[in-house]
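Input: a single structure, listed below in structure tokens.
Rule-based calculations on the coordinates, nothing more; no lab input. All of these numbers come straight from a predicted model, not from anything done at the bench. Positions of Cβ are generated from backbone atoms using ideal geometry, with glycine treated the same way; all protein chains shown enter the neighbour counts.
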Amino acid sequence: MNALELDILLPAFIAGLLVLATHIPFGMRVLQRGVIFADLAVAQIAGLGVVIAGLLDLTGQPLLVQLIAAASALCGAALLVWIERNAAEVKEACIGLTFVLAASLGILLMSRDVHAGEHLKDLLVGQILWVNNTQLICTAVLSAALLIVWHRLHRSPSHLVFYALFALAITASVQLVGIYLVFASLIVPALATYQLQQRRMAFAFGIGIAGYVFGLLLSVWLDLPAGVAIVWAMALTGLLAAMLKRAG
């Protein structure tokens, strides 16, 4: 591995660690609450905010884009709270429908953009290999703040507290790694370790980190899209870990 590849892979790996820091505990809670599609829905709504910011020609103002995406995600979080309170029996169907509607609206809004295909791809699979130091610093500060609040309030019975923190965590991650990798980082480590009673968090982080390492290396060695390679590497790592646990 040459110096140029290392200069690209190291920031991408740090971005992955920042995503995992918040997404693994949130993913475990999502699995526990039985709202698996919530992360996809909120991620897609945050992405819709990014699309709207692009249509308003605000892409040159990243802080404003972040604020619009965060506001969109918080609106999505409020909608999910309403769904849990008023349609609990069919909440997964309602959350899935929310995801589809947000995704469809994003495509409609981009339909007249000649670069829509490229923008949609970036939203879904991300541009993890091209993260910059400013993005990493901002994400690190936000992640630290969210983890502090989460540690203090994670036992709160309030649906709004959970979904608001969840929405803010996902907002930063969508722009950093894309919707697919956000979903994988939330669900794969939590799902692969859901039967563990001891050291679950440590094993979950091991699976997530291994997924990012192997995925990034494969993307460089085989010239593959990094986001998709990481998703598959993490899924296969999680599957292998689950099989070894069952065999043991």
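Add +1 for every Lys or Arg and -1 for every Asp or Glu among the other residues with Cβ under 14 Å from the Cβ of PRO225, and state the total.
Details: positive: LYS121; negative: GLU118, ASP122, ASP223.
In short, -2.
Considering only the other residues whose Cβ falls under 14 Å of the Cβ of LEU216, what net charge follows from Lys and Arg at +1 and Asp and Glu at -1? Don't jump to the answer; show the numbers that get you there.
Working: positive: none; negative: GLU5, ASP7, ASP223.
It works out to a net charge of -3.
Compute for the range 1-81: radius of gyration divided by Kirkwood radius, i.e. Rg/Rh, restricted to C-alpha atoms, rounded to two decimals.
Values: Rg = 16.0 Å, Rh = 14.7 Å.
Rg divided by Rh gives 1.09.
So how far apart, in nm, are the two label points at LYS245 and LEU101 if each is 7 Å from Cα heading toward Cβ?
Simple spin-label model gives 3.6 nm for this pair.
Find the percent of Cα-Cα distances in the range 52-112 that exceed 15 Å, and round it to a whole number. Could you put the intermediate results ahead of the total?
Details: 1106 of 1830 pairs.
The answer is 60 percent, as a whole percent.
Using a Gaussian network model on the chain with a 10 Å cutoff between Cα atoms, which of GLN198, GLN44, GLN127 fluctuates the most?
Comparing GLN198, GLN44, GLN127 in the GNM, the peak value goes to GLN198.
With a Förster radius of 35 Å, plug the Cβ-Cβ distance of GLU5 and THR134 into 1/(1 + (r/R0)^6) and report the FRET value to the nearest 0.05. Spell out each step's value before the answer.
Numbers: r = 22 Å, r/R0 = 0.62.
It comes to 0.95.
Among LYS91, LYS245, rank each residue by its count of other Cβ atoms within 10 Å, from fewest to most, as a rough exposure measure. The partial results should precede the final answer.
Working: LYS91 19, LYS245 13.
With the fewest neighbours first, LYS91, LYS245 line up as LYS245, LYS91.
Tell me the label-point distance for the pair ALA93, LEU17, using the 7 Å Cα-to-Cβ offset, in nm and rounded to one decimal.
Placing both labels 7 Å along Cα→Cβ, they lie 4.5 nm apart.
Helix-only mean residue ellipticity at 222 nm, the chain, DSSP H runs n ≥ 4 weighted -39,500 (n - 2.57), per residue, nearest 500. What is it?
Working: 10 runs with 201 residues, N = 248.
Value at 222 nm, helices only: -28000 deg cm²/dmol.
Based on the Kirkwood radius over alpha-carbon pairs, what is the Stokes-Einstein translational diffusion coefficient of the range 170-240 at 4 °C with 1.567 mPa s viscosity, in µm²/s? Intermediate results must be reported in sequence, preceding the final value.
Working: Rh = 12.2 Å.
Estimated diffusion coefficient is 106 µm²/s.
Excluding LEU129 itself, what net charge comes from residues whose Cβ is under 15 Å from its Cβ, given Lys and Arg +1 and Asp and Glu -1? If you can, show how the numbers build up before the last one.
Numbers: positive: LYS121; negative: GLU5, ASP7, ASP122, ASP223.
In short, -3.
So if R0 is 30 Å, what FRET efficiency would GLN195 and LEU109 give, r being the distance between their Cβ atoms, rounded to the nearest 0.05?
Working: r = 42 Å, r/R0 = 1.40.
My answer for the efficiency is 0.10.
Compute the length gained on full extension between ALA144 and GLN32: take 0.36 nm times their separation in residues and subtract their Cα-Cα distance, giving the result in nm to one decimal. Present the calculation step by step, with values, prior to reporting the outcome.
On the way: separation 112, 0.36 × 112 = 40.32 nm, distance 2.31 nm.
Length difference between fully extended and current span is 38.0 nm.
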